[in-house]
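What follows is a set of notes on a single structure, which appears directly below.
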Amino acid sequence: MTKHFFAADIHLTPKEPEKEDLFLNFLDFVKIERGDLYILGDCFDYWANNRRVVSENRSILEKFLDITKAHVNVKMFSGNRDFLIKPEILEPWGIEFFGEDAVIDIEGKTLYLTHGYNLCERDYKFQNYKRRVWPLFRLLDTILPGRFAAFLAELFILKSKSVISSQDERNLIFSIDLVRSYLSQGMDFVICGHFHKSLIKEILPEKYFIVLPAWEKRIGGYFLIEDKSFKMMEFK
């Protein structure tokens with residue numbers, strides 16, 4: 001049976017080469033295991049669609065291409081840090097882009113996959129910021145010179161961090177009622193990242209909410225579905 005790996009919030013950046021090495025080794029591990037890999041947003045700490053950013057992350061992208069040539073399926077979702085990623089950027093590296101969320105079937109189970117910010121119904125400040133500002137940055141990313149676009153993308157991430165960190169922590173908690181509604185509509189799993197803390201919680205009988213942990217320099221957390229079993233794992 002195929003192994004299905006789920007990871008999120010790796011936050012890759014040239015400023016943290018140890019984490020990049022850890023993730024490259026993880027991709028080799030997935031290749032050896034002949035698994036499918038789902039990255040649920042914030043694979044990169046920030047993203048702009050230009051040569052500079054692609055060059056900075058070339059070793060990662062080339063590794064993606066290497067494992068997909070070995071018949072590993074890589075599916076990527078956008079997060080709040082790398083929301084500018086486009087399918088035409090990822091396609092040459094063998095990566096299938098799923099956007100902000102998707103419903104898929106695995107091993108006879110139906111999964112709702114997303115980065116997770118849309119599960120914070122009370123996070124009004126960020127949701128308004130996303131609605132107003134993200135379309136502007138998407139436009140600027142297409143028309144500005146590469147170096148300037150990358151600079152703006154980094155500024156955006158700093159602003160996004162400040163918007164989130166300035167809020168009441170109660171607004172940043174996922175809505176359990178919203179999760180329950182997905183599970184009530186036929187989903188067996190709701191899987192997300194964004195909250196940076198590991199969680200496996202049975203919300204309804206045999207229906208689960210899974211939160212993926214953020215990656216650290218030397219430890220990467222991931223969720224594994226294999227046959228009829230599932231568990232949270234660590235890669236070191």
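Computed values, structure above
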quantity: Condition met for Lys109 (under 25 Å from Lys63 (Cβ atoms) and of a type in the set (Lys, Arg)); calculated: no
quantity: Among (1) open to solvent by less than 20 Å² (accessible area, probe 1.4 Å); (2) of a type in the set (Asp, Glu); (3) touching a strand residue (DSSP E or B) at 6+ places or on another chain (Cβ under 8 Å), the one test that Asp123 misses; calculated: (3)
quantity: Residue in the range 39-76 that is nearest to His11 (Cα to Cα), counting only those that are open to solvent by less than 10 Å² (accessible area, probe 1.4 Å) and touching a residue at least 60 places away in the same chain (Cβ under 8 Å); calculated: Asp42
quantity: Subset of the range 14-38 (residues that are open to solvent by less than 60 Å² (accessible area, probe 1.4 Å), in contact with a Ser or Thr (Cβ under 9 Å, 6 or more places away or on another chain) and more than 13 Å from Lys217 (Cα to Cα)); calculated: Gly35, Asp36
quantity: Count - residues of the range 88-103 that are within 19 Å of Leu139 (Cα to Cα) and without any contact (Cβ under 8 Å) to a residue 12 or more places away in the chain; calculated: 1
quantity: Inter-residue pairs, beta-carbon under 8 Å, first closer than 12 Å to Ala214 by Cα and in the range 1-23, second open to solvent by 60 Å² or more (accessible area, probe 1.4 Å), 6+ apart; calculated: Asp9/His196; Lys19/Glu216; Lys19/Lys217
quantity: The range 133-145 residues that are modelled with pLDDT of 80 or more, paired with ones that are of a type in the set (A, V, I, L, M) (beta carbon under 7 Å, 6 or more apart); calculated: Arg138/Leu84
quantity: Matching residues, the range 187-215, being at positive phi and either open to solvent by less than 50 Å² (accessible area, probe 1.4 Å) or of a type in the set (Ser, Thr, Tyr) (or both); calculated: His194
quantity: Residue ID - surrounded by the most Cβ atoms within 10 Å (Cβ to Cβ), chosen from residues in the range 216-232 that are part of a strand (DSSP E or B) and touching a helix residue (DSSP H, G or I) at 6+ places or on another chain (Cβ under 8 Å); calculated: Tyr222
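The values are calculated or read from the model by the stated rules, or taken from the named source; none is laboratory data. All values reported here derive from a predicted model rather than from experimental measurement. So basically every Cβ, Gly included, is an ideal-geometry build from the backbone, and we count neighbours across all protein chains shown. Remember, those area values only see protein heavy atoms, side chains included, never the ligands or the DNA or RNA. Shrake-Rupley method; radii C 1.70, N 1.55, O 1.52, S 1.80 Å.
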